[in-house]
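Undergrad: Let me begin by handing over the structure; questions about it come next.
The values are calculated or read from the model by the stated rules, or taken from the named source; none is laboratory data. Predicted model only: the values in this text are computed from it and were never measured. Cβ placement follows ideal geometry from the backbone for every residue including glycine, while neighbour counts extend to all protein chains displayed.
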Amino acid sequence: MAGSFLIVNISSAIFECSAPDLDTCPDESLPEFAFIGRSNVGKSSLLNMLCGKDDLARVSPVPGFTKLINFFVMNECWRLVDLPGYGFAEGARKDSAKFNQAVSNYLKNRTNLCCVFALIESALPPQDIDIEFIGWLTRNGVPFVLVFTKADKISPVVAQANKDAFMGQISPWFVQPPATFSCSSETGHGRTELLGVIDESMTAIQAEAANAPAPLAEDGSPAPRVKPGKPKKRRPDLARPW
């Protein structure tokens, strides 16, 4: 497609910063796509697979290792956001309330958040903590898709049965169920489809920006061009900033 962002061809993936809460997140000038899941769902491995880098996100044997909101600038035009997993493991109970509040604030109030990729482990039957989190996203109107991870760790029949059981529990909440994908960090299965979700969203943003009317000055004349600079942070604002 002419003018496409070609998201599936990631040419650069640069760590920008880590933030402990919403107020310390970077400016809202770039569209963001966030990834989150239960601890040990395979999130870090998935992010590395998507970006074609082995060390973009640190893979740890200790569940709940990610405790900050991590931002990566991709192709200089969008951000991948690595959110802390819900359901902290050992040693994190005393921080759980603060952790949950930070993620909650980000998901509800980040105006440039385009989509959340909610990760579910396909090798397990429906887990209460996952069902509860998807219910929270739904009640708060957060846009999301479901990604069933570790597809290579179990037979396709069992994986499909677990997926069907999960969708059966949440289906009464929707007129139209959320989009679902399966993936494997080991084989690369699902990479093109997940990046395609981002590409579709970025293409829509590009088209909307191209059709937006030019800004006008108070007298109705075209507003003078302003030298680009670092956008100011805006919080909260329900309108998209781009």
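Undergrad: Going residue by residue through segment 95-113, is there one that turns out to be at pLDDT 95 or above, in a strand (DSSP E or B), crowded, with 19+ Cβ neighbours inside 10 Å and not small (G, A, S)?
TA: Yes, that holds for at least one residue.
Undergrad: Does segment 160-178 include one or more residues that are among the charged types (D, E, K, R) and assigned to a helix (DSSP H, G or I)?
TA: Taking every residue of segment 160-178 in turn, at least one turns out to be among the charged types (D, E, K, R) and assigned to a helix (DSSP H, G or I).
Undergrad: So, one more: Picking from L80, L30, which residue would you name as being in contact with a Phe, Trp or Tyr (Cβ under 6 Å, 6 or more places away or on another chain), assigned to a loop (DSSP other than H, G, I, E, B) and modelled with pLDDT of 90 or more?
TA: Being in contact with a Phe, Trp or Tyr (Cβ under 6 Å, 6 or more places away or on another chain), assigned to a loop (DSSP other than H, G, I, E, B) and modelled with pLDDT of 90 or more holds for just one of L80, L30, which is L30.
Undergrad: Considering only segment 152-160, I want to know if a residue exists there that is touching a residue at least 40 places away in the same chain (Cβ under 8 Å) and crowded, with 18+ Cβ neighbours inside 10 Å.
TA: No, segment 152-160 has no match at all.
Undergrad: I need the full set of residues from segment 142-151 which are part of a helix (DSSP H, G or I) and surrounded by fewer than 17 Cβ atoms within 10 Å (Cβ to Cβ), in order please.
TA: none
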